[in-house]
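Undergrad: Next up is a structure, given as structure tokens.
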Amino acid sequence: SAAGSATKPGPSASGAPTSTPSDPPGPTGPPALREGDSGPEVAELQKRLSQLLLYIGIADGDYDAGVRRVVSSYQNQHDITGDPDGVYGENTRRDLESRTKEP
């Protein structure tokens, strides 16, 4: 009956947030890294590229234009597709991690 369904909790009428996420779930793996990013994940990328003698410099954790150029070059050398040019995304990460050891 209509009276019975009125007592069941429904969507929040109070304006309080609901448990429904506002953004669709993204990939479950590590985030893509790009120019302007910084942190330990970028330092690991720099160290992995150093293992292949592609990145010569200090692993300072800053994804600057130089790192972007090296990642772009790496993508071209290894025919990596699916990630934007110069972005360390899922496909580039998988390939680089298969060719290097964890720093």
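The values are calculated or read from the model by the stated rules, or taken from the named source; none is laboratory data. Given the structure is predicted, the values throughout are model-derived calculations rather than measurements. Heads up, the Cβs are rebuilt from the backbone with ideal geometry, glycines too, and the neighbour counts pull from every protein chain shown. Calculation scope for accessible area: heavy atoms of the full protein, side chains included, ligands and nucleic acids excluded. Shrake-Rupley method; radii C 1.70, N 1.55, O 1.52, S 1.80 Å.
Undergrad: If you go through segment 81-103 one residue at a time, how many are assigned to a loop (DSSP other than H, G, I, E, B) and charged (D, E, K, R)?
TA: 4
Undergrad: Further question on the same structure: For segment 84-94, give me the residue count where each residue is out of contact with any Pro (no Cβ under 7 Å at 6 or more places or on another chain) and open to solvent by 30 Å² or more (accessible area, probe 1.4 Å).
TA: Qualifying residue count, segment 84-94: 4.
Undergrad: Related question: Across segment 87-100, what is the number of residues that are within 13 Å of the chain's Cα centre (by Cα) and either under 10 Å from V71 (Cα atoms) or touching a residue at least 24 places away in the same chain (Cβ under 8 Å) (or both)?
TA: The total comes to 6.
Undergrad: Now, a different point. Given the condition in a loop (DSSP other than H, G, I, E, B), at pLDDT 95 or above and of a type outside the set (A, V, I, L, M), answer yes or no: does some residue in segment 2-19 qualify?
TA: no
Undergrad: If I ask for residues that are small (G, A, S) and either at pLDDT below 95 or within 10 Å of L33 (Cα to Cα) (or both), which ones from segment 85-103 would you list?
TA: G86, G89
Undergrad: Can you find a residue in segment 61-78 that is open to solvent by 80 Å² or more (accessible area, probe 1.4 Å) and part of a loop (DSSP other than H, G, I, E, B)?
TA: no
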